[in-house]
Structure formats: structure tokens, C-alpha cells
Amino acid sequence: MAQAFFGGVHPNDMKAATNEKAIEQLAPPAQVVIPMSMHFGAPCTPLVKAGDTVKVGQKIGEFHGLGAPIHASVSGTVKAVESRPYSMGGNITSVIIDNDFQNTVSEEVVAPADPDALSVEEMVEIVKNAGIVGMGGATFPTHVKISGGIGKVDHVIINGAECEPYITGDHRTMLERPEEIIGGCVYLAKMFGVDKVTIGVEDNKQNGIDAMNRVIAEMKAPVVVEPLHCRYPQGGEKQLCQAVTGKQVPPGGLPSNIGCAVFNINTTCAIYRAIKTGMPVVNKIVTVSGSGVIEPKNIECPIGTPVSLLFDACGGLKDNTYKIIAGGPMMGMAQYTCDVPVGKGTGAMLAFCEDEEQTVENPQCIRCGKCVSVCPMHLEPLFMYQYAAKGMVEELDAAHVMDCMECGACAYACPARMHLTHMFKTGKQLVKNKAAADKAAAEAKKAAAEKKEA
């Protein structure tokens, strides 16, 4: 039985424009721009140079430390390896590939002879080599989450909540590719050694729930679909853990602290494809929607496809479009150009018209407390805002700003239209900067003391 988590809001889901539209395959782009940073951790080192010939699924970026490898999404010739804009802001080293339209698959892509006979270690290695990350947006390397949770996790949860407005890619995947979802769940159950996997799905996707239950019955799979009440941010992994298990993740903790591991629907499909066929992450399903899009759609495209081509495939943008957002309207990031490429964590590209602009030039807090009542992390946004605005770093840290998940529920509920989420992003950076400065000062002091003793 689904449990309730604290706080949350009920925004209009705005999914009607795309939730009944099947996933369309984008016509192959003439060129892809593949960023070397599409995961949590340091950017990859490019393995190719201008003039090299590459094939689909060929590794073109190697990670060091925490990360995941990156692969070519089309076959063709590397035009350049240079800095390009990307959706997380600023520029990042990227591999630009001119498509030869042959879709030649790399010799590196090899399907296991018998996927069901693989050991746990072999499956984790396949997931690692496939470059799979959290494809719901967090982009944490999946092989790290799996290997770190083996022996500690007793609840494997698949996040099918898709609670952000507009986004419907996971819903369509449930309807069109339930076999991949359930197949991925079976592999996860084997890797973690659990007797069942739970898929949490908000109850506004009943046809998706029915589609997966049919496959579960046919396969006799160790999977249970748990319908959840609609409430944002149900898809936050800490909130999902509480909704499914009734356990709360401790402050500053992770789902693994309560024996849980959470994976996105499309991450689960990627695990299935990698283990079954050997194909790494080379494509992404993106919901293209919003009042500024002429014909909203769900589109599957190669990683590195310029976002402008997605909008073109949807009939273009309306003349009075004023904002482009990568991701959902609650947690997504505004973009200054449509030339950014689709990455592994790009779940949606939204465009909005001027009549939806509701910002206030000089917002003033009226101390109503609504932000406190909706914060799913039990924080006090009104005080955190003041601390961040005044640069009060110690107070910010004491207020647990680092626990803020930047869900935007406080900003949504605020009648004064305070720029809360943006200020918390700034506040977090202040805390990180002070921590780095304190560490550097401590190391310098230690070095000076050692030098003096010598």
C-alpha cells in the first residue's frame, strides 16, 4: 500500500498534449554533437580525433574515477573535438560527428551468447561498459549504484512516477515497451539478489500499469506494480522510497541507508538492452511540448541531436515563444540557445509563450509559510532565501540547504512569486565554495606547520 510523504503540490499535469502520442523516431540528423559530460562525475576524455571514422556504439569517451563511458550514436566521420554549448550551462568538450547515414554498428557491440547465464559480476560490467546512467535527469552512473548496493539493498524500486508536468516519455515506454521494462527488472532482481522488484507508478497512468501487469503475468516475473497517488515530487527518490516502503531516508542520507535502490524506467530499459543485445546508450526518448510548440510529440533520437531539430520535427516554435527549458517546468533549466544537444538525462524540451510569464520584478516575502508546508524535505525555504540573499553561509549550512532537492514546490506555492529555487542553487554554491576554501586553508596551515618543523 502506497504511503504518504510530507509536503508536495498538485500542479496541473499538462500531459494531454502528448500522453496519447506514440514515440516517433526522428529522421537521422546530419550531424551530432556528443558532450563528454553526460553523467555525475568528471567529464570523459575523448578517445577520437578529427578525421577518425566511428560506428554506432563505439566508445568515444573514457571516464576516470566516478563516471560512465560515452559512445557514438551514429556512424560517420569525426569533424572536430571542441568546446560546445550544452544543456547544463556553459560549454563542454564535445565530439562532433558527421553522419554517413549507414548506421554501421561497431564491432564492440556484442550480444552475450546466453544473457540469462551471466553472473552478477558480468552483468554489472556490461552495465558499466554500456555507459548507463540515471536517465531521469540525475545521471548518476548506474554501475556504481548497483555494485555499491549489492548485499545492502533489499528493496529495488523502479521510478515510474513521472510526476513533472508535460513529460510523458516514461508513460509511453510503459505502453509501447513493457517487455523491456520488466526484462530490466528481472536482471536487477538477479543482480541485487532480491525476491521482487517494485515499480512505483502514479495512478494517472492506469493503462501503463495494466500493460506492465500483463507482461508480468506472461513472464511470471518477480515484479510488482505499485499504484501511487498523484502528487509532486513523487518521483524524487527519497519521496518514492517513503511512498513504497514507508521508510524515510535520513537527512543527508541516500536510499541505500534504508536498504533501497531506485532506478528510472528508461534506465531499466537501457539495462535490458545492454545485457540482451550489447548495445550501449546511444538513443534517448524526449518529450517535446509546451504552449510554444506547434505540434507536441514524444521523439526518440540519437544522443547528441541538436534540440533545434526536435522542435523542427514538431512543426517549429510559435512566434511569441519566450522561454526554452531542458527538462520539466519544475526542475528543468532554461536555455539560451536551441543548439544544445540531447544528452542521456534529457527527458523533455519545453517551449512556452509570453502569456504564461508570471514573474514579479521585485518579489516580497509575506511570511505566509506556504513554502514550509509544501517542502518535502522538511526545510524552511523562507529563511534559507534570506540567508542566501545576504551571503550568510554558516546559517545556510545550519538550515540544511544542501538537503534541498531543488524540486521547485516552494516556488510553485509561493503567492509572492519569490525566486526560491534559483536562490537555493546559489546558496548551495556558497556553501561549497566556503567548504573548499576552508579545506584549502587547513591544508596550507598544515603544510606551513610541517615546513616549520622541518
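Just a few scattered comments:
- Magnitude of the charge dipole, the chain, Cβ model with Lys/Arg +1 and Asp/Glu -1, debye to 20: 980
- Backbone HN-Hα couplings from phi across the range 427-439 [Karplus 6.51/-1.76/1.60, Hz, Gly and Pro as x]: x, 4, 5, 4, 5, 5, 4, 5, 4, 5, 5, 5, 5
- Relative contact order computed over the chain (Cα-Cα under 8 Å; 6+ residues apart), in percent: 18
- Placing a label point 7 Å from the Cα of H419 along the Cα-to-Cβ direction, the residues of the range 342-369 with a backbone N closer than 12 Å are 359-363.
- Accessible surface of the range 214-299 [probe 1.4 Å, protein heavy atoms]: carbon and sulfur percent: 53
- Computed over protein heavy atoms with a 1.4 Å probe, the accessible surface of the range 355-440 works out to 57 Å² per residue.
- Cα pair distances exceeding 22 angstrom across the range 283-379, given as percent: 38
- Taking every DSSP bridge with both residues inside the chain, close to 60 percent are antiparallel.
- Partners for K452 among lysines (Cα-Cα distance below 21 Å; same-chain residues under 8 apart left out): K439
- Shown in residue order for the range 411-423 are the 3J(HN,Hα) couplings computed by the Karplus curve 6.51 cos²θ - 1.76 cosθ + 1.60 at θ = phi - 60°: 5, 5, 7, 5, x, 8, 6, 5, 7, 5, 4, 4, 5 Hz (x for Gly and Pro).
- Paramagnetic reach from K79 (point 7 Å along Cα→Cβ, amide N under 17 Å) across the range 286-330: 302-310
- Whole-angstrom gap from the range 248-275 to the range 423-454, using each part's C-alpha centre: 33
- Whichever aspartates and glutamates have a C-alpha closer than 15 Å to that of K247, once near sequence neighbours (fewer than 8 apart) are set aside: D154, E237
- Exposure ranking of V401, V249 by accessible area [1.4 Å probe, largest first]: V249, V401
- Ligands, DNA and RNA excluded, the heavy atoms of I366 present near 110 Å² of accessible surface to a 1.4 Å solvent probe.
- Here the dipole of the range 294-368 is about 360 debye; that uses its Cα centre as origin and unit charges on the Cβ of Lys and Arg (positive) and Asp and Glu (negative).
- Distance in nm between pseudo-label sites at H229 and A42 (7 Å out along the Cβ direction from Cα): 4.7
- Rounded to the nearest 5, the antiparallel percentage of DSSP beta bridges internal to the range 1-106 is 95%.
- Measuring only protein heavy atoms, the 1.4 Å probe finds S83 accessible over about 70 Å².
- Per-pair calculated FRET efficiency, R0 = 51 Å: I150 and K318 via Cβ, rounded to 0.05: 0.55
- Computed from backbone phi, the HN-Hα couplings of the range 150-165 come to 4, x, 10, 9, 10, 10, 9, 10, 9, 8, x, 5, 6, 7, 5, x Hz, rounded to whole numbers (Karplus: 6.51 cos²θ - 1.76 cosθ + 1.60, θ = phi - 60°; Gly and Pro given as x).
- Amide H to amide H, with H built 1.01 Å from N, S83 comes under 5 Å of S94, counting only residues 5 or more places away or on other chains.
- Taking all protein chains together and a 1.4 Å probe, the residues T139, T168, T77 rank T77, T139, T168 from largest to smallest accessible area.
- Rolling a 1.4 Å probe over the protein chains gives Y187 an accessible area of about 10 Å².
- Per residue accessible area in Å² of the range 263-323, where ligands, DNA and RNA are left out and the probe is 1.4 Å: 28
- Cα gyration tensor category, rounded, prolate or oblate, for the range 43-144 with a/c compared to 1.5: oblate
- Taking amide H positions as modeled 1.01 Å from N, with prolines and chain starts lacking one, the residues under 5 Å from A348 and 5 or more places away or on another chain are T287, G327.
- Label-point separation in nm, E125 to A440, each point 7 Å along Cα→Cβ: 4.2
- Amide H contacts under 5 Å for I158, placed H, 5+ residues apart: T198, I199, G200, F263
- Overall form of the chain per C-alpha gyration tensor (a/c, 1.5; a/b vs b/c): rounded
- Tensor-based shape of the range 398-445 (alpha-carbon gyration tensor, a/c under 1.5 rounded, otherwise prolate or oblate): prolate
- Potential lengthening between Q206 and K49 on full extension [0.36 nm per residue; Cα-Cα distance subtracted]: 51.7 nm
- Carbon plus sulfur fraction of accessible area for the range 1-136, probe 1.4 Å, in percent: 53
- Pairs spanning more than 31 Å between alpha-carbon atoms, out of K15/K425; K284/K390; K238/K370: K284/K390.
- C-alpha center-to-center spacing [the range 223-238, the range 136-170] in angstrom: 12
The values are calculated or read from the model by the stated rules, or taken from the named source; none is laboratory data. Since the model is a prediction, treat every value here as computed from it, not as a measurement. Cβ atoms come from the backbone with ideal geometry, glycine included; neighbour counts cover every protein chain shown. Keep in mind that these areas ignore ligands, DNA and RNA; they rest on the heavy atoms of the full protein, side chains included. Shrake-Rupley method; radii C 1.70, N 1.55, O 1.52, S 1.80 Å.
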